[in-house]
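Undergrad: Quick one: the structure is below, and I'll ask about it shortly.
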Amino acid sequence: MRYPIAIEIGTDTAAYGVVVPDLPGCFSAGDTLDEAITGAEEAAAAWIDATLDAGEAIPAASSIEAITAKPDFAGWAFGVIAVDPAAFDGTVERVNITLPRRVLLRLDAQAHAAGESRSGYIAHLTMTVPDASGHAVRLERRDSKS
């Protein structure tokens with residue numbers, strides 16, 4: 001999938017800013033244009049992943065012409081980022097993993113305590129990150145409308 005981006009050109013004292021207009025609240029910044037664009041690709045992938053997890057539809061990409069016509073982006077530069085759609089394939093896939101028996105016993109005990117299957121618990125762990133205090137926080141899409 002290819003999404004147009006709007007680029008606010010950086011200066012000696014300000015970073016480059018990149019916005020993905022079709023994905024509300026999706027943006028990045030970087031000291032170099034390459035850093036800002038790479039950040040926008042990562043932000044778009046995270047935005048899409050969280051949106052799919054929430055059961056919401058992914059917006060279709062606009063044309064660059066539609067984005068350049070928006071008054072909010074007057075004076076900005078424009079480009080396109082690519083997001084690999086294979087990374088969001090929700091097809092269930094059976095996998096074989098190898099773990100020491102003691103680790104597997106702990107995993108099963110934790111899954112049982114959480115009321116989940118082993119597979120469900122592993123998926124749950126994958127979709128959470130620790131916050132500053134070390135508590136697990138579910139990854140969610142950040143929307144500028146909230």
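The values are calculated or read from the model by the stated rules, or taken from the named source; none is laboratory data. None of these values were measured; they are calculated from a predicted model. Backbone-built Cβ (ideal geometry, glycine too); neighbour counts: all protein chains shown. Please note that ligands, DNA and RNA were not included when accessible areas were found on the heavy atoms of the full protein model with its side chains. Shrake-Rupley method; radii C 1.70, N 1.55, O 1.52, S 1.80 Å.
Undergrad: Against the conditions (1) of a type in the set (A, V, I, L, M); (2) open to solvent by less than 50 Å² (accessible area, probe 1.4 Å); (3) within 15 Å of Val83 (Cα to Cα), where does Ala6 fall short? Just the number, please.
TA: (3)
Undergrad: Let me ask something additional. Applying the selection to segment 9-28, what residues are open to solvent by less than 30 Å² (accessible area, probe 1.4 Å) and among the β-branched types (Val, Ile, Thr)?
TA: Within segment 9-28, Val18, Val20 qualify.
Undergrad: Identify, from the list Asp49, Asp31, the residue that is within 30 Å of Ala14 (Cα to Cα), of a type in the set (D, E, K, R) and open to solvent by less than 60 Å² (accessible area, probe 1.4 Å).
TA: It is Asp49.
Undergrad: Being in contact (Cβ under 8 Å) with a residue 24 or more places away in the chain and either small (Gly, Ala, Ser) or in contact with a strand residue (DSSP E or B) (Cβ under 6 Å, 6 or more places away or on another chain) (or both) is the filter here; which residues of segment 83-101 pass it?
TA: Ala87, Gly90
Undergrad: Search segment 106-128 for residues being modelled with pLDDT under 85 and open to solvent by 60 Å² or more (accessible area, probe 1.4 Å), and hand back the single one that is nearest to the chain's Cα centre (by Cα).
TA: So the residue we want is Thr126.
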